[in-house]
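Each reported figure results from applying straightforward, stated rules to the coordinates on display, with no laboratory input. The shown structure was predicted, so the numbers you read here are calculated from the model rather than taken from an experiment. Backbone-built Cβ (ideal geometry, glycine too); neighbour counts: all protein chains shown.
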Amino acid sequence: MHHRLLKNSTSFALPLILLVAASLVLPRISALPPSWQMNLVSAPYFIFVTLLLLSFHFNRGRIFCVSLLLGVAYWSCRTYLLQGLVDFRAGMIYQGLSVLLPVNITLFCFLRERGVLTNAGRLRLAFLAGQAALVAWFVRYNYVEVQQFIGRELVTSAVLDRFLLPQVAIFLFIAGGLLIAGKLLVNPSPLLSGMFGALLAVGASCNWLTTEYLVPLFMGTAGLLLIISVVQDSHNMAYRDDLTGLQSRRALNEQLMGLGRQYAIAMLDVDHFKKFNDTYGHDVGDQVLRMVASRMQGVKGGGRAFRYGGEEFTILFPHKGVADATPHLEEVRRSIADYQMKIRSTERPSDGQEGKKQRGAGNGDQTVSVTISIGVADCCDGSATPEEVIKAADQALYRAKHKGRNQVCA
């Protein structure tokens, strides 16, 4: 568990690196030629338009909505807030941005992806338009009470008094950051990583609003992080299997093209998989595949795991022979065979509390064991093609099946 959390924490690396880099660049901007400074101020618009086009092309409705938010926020800062909070209108717009930005960014991290022009996507766009209309209404009719409510002091603190952000907004940014960070640790994804970085960048922009060049630099960084996240997510869709999280067959084919003269390839197949599907249903079949994949990801010896197709998997061992790979394959086989997988009973009540009681009593669930058969072959002198080695590993897999399954054959 700790190893997994440590591994997932690397998702914070890129946002933090780019934000630190932006902080280091900021003091040096004033020394740049005026034309470069003007380009910096205009760059966020180009970044947000690029992000809108990318998210629309890949049908990422959540990122599309956030990119609209960031674009409107940056335009508002350049149009109304350049001189600071000089009057009621500027103060109301600023407070609207400082409250609505963290709420919406956090919300879109936890909503399911529903696309851009779907019914759900249009409803979300209408939701954002309604927020903009509400802020415009407050500005138009001088709702001083709203401004006072948002700007009120929640706690007495000399530290919080140093921030330009109202205390309500500070707590919203902190709460949003913690919620996104928690989700990122449990279930990392490029989009969540980009959203986390964007939230931090927007918080800095709102708090240091009048610092010269900070807003364009950090808002542009927020957009750049989201562009990177969309590209990474789209790459994962092409090269990673959605069900198991393993690299896909397409990724395997690319890896095969770059192998040296020595390597081993193992083909793995779940024993009696059709029986699992027929007996327990496809949901349990998917559960079996995910469990097998999670055990395969722990393979040692430099092995790389892939989903080949259906219930068949591949492990690639660069610069290894059969003798080197076999002990690591045996370890994977044993870890899967020793795992007791619980299957939820179809008779368990749908009521959550009642189901929890039954789980506590140990009733209603079945425990099953899953085994795999493995065939492995190698190329030690570069004379065989990867396709020939895969074919030889497949033949070894069939021998493992005929010998009684749950074993490794070469």
Note to self, the chain gives a 222 nm [θ] from helices alone (DSSP H runs n ≥ 4, -39500 (n - 2.57) apiece, / all residues, nearest 500) of -20500 deg cm²/dmol
HN-Hα couplings for segment 236-244 via Karplus (6.51, -1.76, 1.60; θ = phi - 60°), in whole Hz with x for Gly/Pro, come out as 4, 4, 7, 10, 10, 6, 5, 6, 9
Note: Val186 to Arg250 extended length (0.36 nm per residue) minus current alpha-carbon separation gives 20.4 nm
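Using the crude model of +1 on Lys and Arg Cβ and -1 on Asp and Glu Cβ, and no other charge, please compute the dipole size for the chain relative to its Cα centre, in debye to 20.
Working: 40 positive and 30 negative charges, 60 e Å.
The calculated dipole for the chain is roughly 280 debye.
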Cα-only Rg/Rh for segment 2-238 with Kirkwood Rh rounds to 0.96
Those trypsin sites (Lys or Arg not before Pro) from segment 268-327 that are DSSP loop and have at most 13 other Cβ neighbours within 10 Å turn out to be Lys300
In terms of the charge dipole of the chain, which places +1 on Lys and Arg and -1 on Asp and Glu at the beta carbon, the residue among Thr367, Tyr141, Gly121 farthest towards the positive end is Thr367
The Rg/Rh figure for the chain, Cα atoms and Kirkwood Rh, to two decimals is 1.09
Which of Lys300/Lys391; Lys183/Lys275; Lys320/Lys342; Lys342/Lys391; Lys275/Lys300; Lys300/Lys401 exceed 28 Å between C-alpha atoms? The answer is Lys183/Lys275; Lys320/Lys342; Lys342/Lys391; Lys275/Lys300
